[in-house]
Amino acid sequence: MDALRHTFEQQLAAALPGVDITLERPRSGELGDLAFPCFRAAKQLGKNPAQLAQELVAAIRIEGAGLVAAGPYLNLKLAPETRAAAVLGAILQAPGDRPFGSRPPTGKKVIVEYSSPNIAKLFTIGHLRSTMIGHALAQVNQFLGHEVIRLNHLGDWGTQFGTLLAAYTRWAQDGNANLEADFDWAEPAPEKRRTPLFRLFQLYVRFHAEEEADPAMRDEARGWFRRLEEGDAEARRLWAWFREISLREFQRIYDRLGVAFDTLAQGEAFYEDRLVPTMDRLAAAGLLVEGDKGARIINLEDVGIATPCLVQKGDGTSIYATRDLAAALYRQEAYAFDRCLYVVGTDQVLHFQQIFAVLAKLDSWFQGRMLHTPFGMVKLPEGKMSTRKGNVIFLEDVLDEARERVAAIIEEKNPGLADKEAVAEMLGMGAVVFFDAMNDRVKPITFTWDRVIALDGDTGPYVQYAHARILSVLRKAGGTWAAQAQPGAPQGPCLPFAPLTLPADLGGLAAPEAQALLFELAGLPPAIAAAADGNMATPLARQLVSLARTFSGYYTNCPILAPENTPEVREARLALCVATARALRQGLHLMGIQAPEEM
Ligand code: ARG
């Protein structure tokens, strides 16, 4: 397909000297495989686009393909067997280490910073967004040949620790180094939440509730944070312990989600001894100005940002922004990256504008390398979620509920299924993660149980089902086809698929439904590229739905194992099945979703 595109581009360039040639994908395979929109060229040449398209039809010849002028578009459409050979060849004969559509190493380094939860809080459904959008972006960038560094800017420092320390020392029996043990709980916790982290969370919520009536508690919390920043041994000991409890639980969730980072050691606290050097650099660059009550700020009005960036409070303590500046400087030194993506909610747009502006003032090296990819918040029908107030939806509850709903359906429809529990988990996760990806990245999402864990319609399980259905066809086909039904365990960003020989006769794929499926398969690499460009999995998720839907039409209209099929037709149709299964599996894998072999 790449070679064909190249030939087409070359011929267009020869026919239209000096015109910028950009090809598109037609809306359907019916129209063609590649389209050249003539608008811009026509304007440049002072012609009518439809007339130009007509002229180009006469001027260009490409072997194995026909050219059609469709209004202002020049469409190139492959002959059915040429399309089949091009698409199946690209998928089935791709080298194992570089499957369909993946790119050779680019030498570019991309940092993807994502998830970044705050310590001592539980994962809510909101965290799923940063975690899974970030995971997909990391996967997709790696697939495109970039070296990807996966970082997690853990919120393990900041004033909230003052709150936690104050709450803990107030209400917990100290010396109780084990929050699981006898502890005078503010409220009883549900059975599955009797975890130390949940206990800390309860303390945090209680503190914020009581502080409303007793503002002196605020000073108490501030006092504790100061002690922590000053290195007070007791404050440090408890902080380290809170951090450890949290990490243990976060790790469990990351394992469940199949997400891993290069390191979890570079959270906010990691930059502690880099804060003074960072402030020194800011001072040396002449950027620091005295703000209210002795605070240090950086004015950004000259670059169009009205709110100055606060980098030090009046009492000398650091803030979130200071640690982000230190982190960026550290990453510059440690990774010499080409790009750094911050997968963080839309509520921090201003924060990142400020950080990037300050960095650009400090060193022009940062210009164009830093990118905040904001995502919309998850809201409840009744309003914002707030950890402080305790009205949140916990991620694990959502994953558990999704799994249970799937399990009930399996019990009803396919009780004999092997590995039922594992399959229910994969499908439940598929539903939740896919739902997230189908949403526009920046728009807020209103959470309702039925929407988030829906199993019908354009969902993860629908795509997973198409994959499992294909594998079941392959198992029935037996022989070497059945061996394709176990494509192996996921590894890295690409799944290792062994190359497969193409059937010599692809005549069995002439039907429109087979041709439509081939067209959708060819759409996967562009969808992955679009996901990387738009920094969101949405185009990939949509393409997978189209693929699954088109497969269903193929399955219905092009009998695969029908006894009246000639061996050639059967071979060709099975080869298309294998290609589709590989594409679905690869696409889901990039999104962080597993595809069960049976369901
Ligand atoms: N911990 C922060 C939060 O939960 C997100 C951190 C985002 N990353 C960053 N470099 N500031 O809101």
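To keep it simple, each residue is scored yes or no on (1) within 16 Å of the ligand (Cβ to nearest atom); (2) assigned to a helix (DSSP H, G or I).
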{"residue": "Ile305", "(1), (2)": "no, no"}
{"residue": "Leu310", "(1), (2)": "yes, no"}
{"residue": "Asp324", "(1), (2)": "yes, yes"}
{"residue": "Ala328", "(1), (2)": "yes, yes"}
{"residue": "Phe337", "(1), (2)": "yes, no"}
{"residue": "Phe352", "(1), (2)": "yes, yes"}
{"residue": "Ile355", "(1), (2)": "yes, yes"}
{"residue": "Val358", "(1), (2)": "yes, yes"}
{"residue": "Trp365", "(1), (2)": "no, yes"}
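Collect the residues in segment 284-299 that are touching a residue at least 12 places away in the same chain (Cβ under 8 Å) and assigned to a helix (DSSP H, G or I), keeping them in residue-number order. Within segment 284-299, Asp292, Lys293, Gly294 meet the criteria. Does segment 342-349 contain at least one residue that is over 23 Å from Asp533 (Cβ atoms) and either charged (D, E, K, R) or within 15 Å of the ligand (Cβ to nearest atom) (or both)? So far as segment 342-349 goes, yes, one or more of its residues are over 23 Å from Asp533 (Cβ atoms) and either charged (D, E, K, R) or within 15 Å of the ligand (Cβ to nearest atom) (or both).
Please tell me if Met385 is touching a Ser or Thr at 6+ places or on another chain (Cβ under 9 Å) and either among the hydroxyl-bearing types (Ser, Thr, Tyr) or buried (at least 17 other Cβ atoms within 10 Å of the Cβ) (or both). Quick ask: steps written out before the conclusion?
Working: touching a Ser or Thr at 6+ places or on another chain (Cβ under 9 Å): yes; either among the hydroxyl-bearing types (Ser, Thr, Tyr) or buried (at least 17 other Cβ atoms within 10 Å of the Cβ) (or both): yes.
Yes: the conditions hold for Met385.
Of the set (1) among the acidic types (Asp, Glu); (2) surrounded by fewer than 21 Cβ atoms within 10 Å (Cβ to Cβ); (3) assigned to a helix (DSSP H, G or I), all apply to Asp440 but (3). Going through Ala485, Ala498, Ala530 one at a time, which residue ends up being surrounded by fewer than 22 Cβ atoms within 10 Å (Cβ to Cβ) and modelled with pLDDT of 95 or more? Of the residues listed, the single one that is surrounded by fewer than 22 Cβ atoms within 10 Å (Cβ to Cβ) and modelled with pLDDT of 95 or more is Ala530.
In this structure, Thr106 does satisfy being in contact with a His (Cβ under 8 Å, 6 or more places away or on another chain), away from the ligand (no atom under 16 Å from the Cβ), over 20 Å from Ala265 (Cβ atoms) and without any contact (Cβ under 8 Å) to a residue 60 or more places away in the chain. Screening the candidates Arg83, Arg98 for the property of being closer than 16 Å to Arg582 by Cα and not β-branched (Val, Ile, Thr) yields one hit, Arg98.
With respect to the stated conditions, Val578 fails to be surrounded by 21 or more Cβ atoms within 10 Å (Cβ to Cβ) and over 35 Å from the mean Cα position of the chain (by Cα).
Taking first residues from segment 352-368 that are within 19 Å of Ala284 (Cβ to Cβ) and partners that are of a type in the set (Val, Ile, Thr) and crowded, with 18+ Cβ neighbours inside 10 Å, the Cβ contacts under 6 Å between residues at least 6 apart in sequence or on separate chains come to Val358/Ile298. Scanning segment 114-169 for residues that are part of a loop (DSSP other than H, G, I, E, B), more than 10 Å from the ligand (Cβ to nearest atom), small (Gly, Ala, Ser) and under 20 Å from Phe270 (Cβ atoms) gives a single hit, Ala120.
The values are calculated or read from the model by the stated rules, or taken from the named source; none is laboratory data. Here the structure is a predicted model, which is why all the values come from computation and not from measurement. Here the Cβ is made from the backbone with ideal geometry for all residues, glycine too, and neighbour counts use every protein chain on show.
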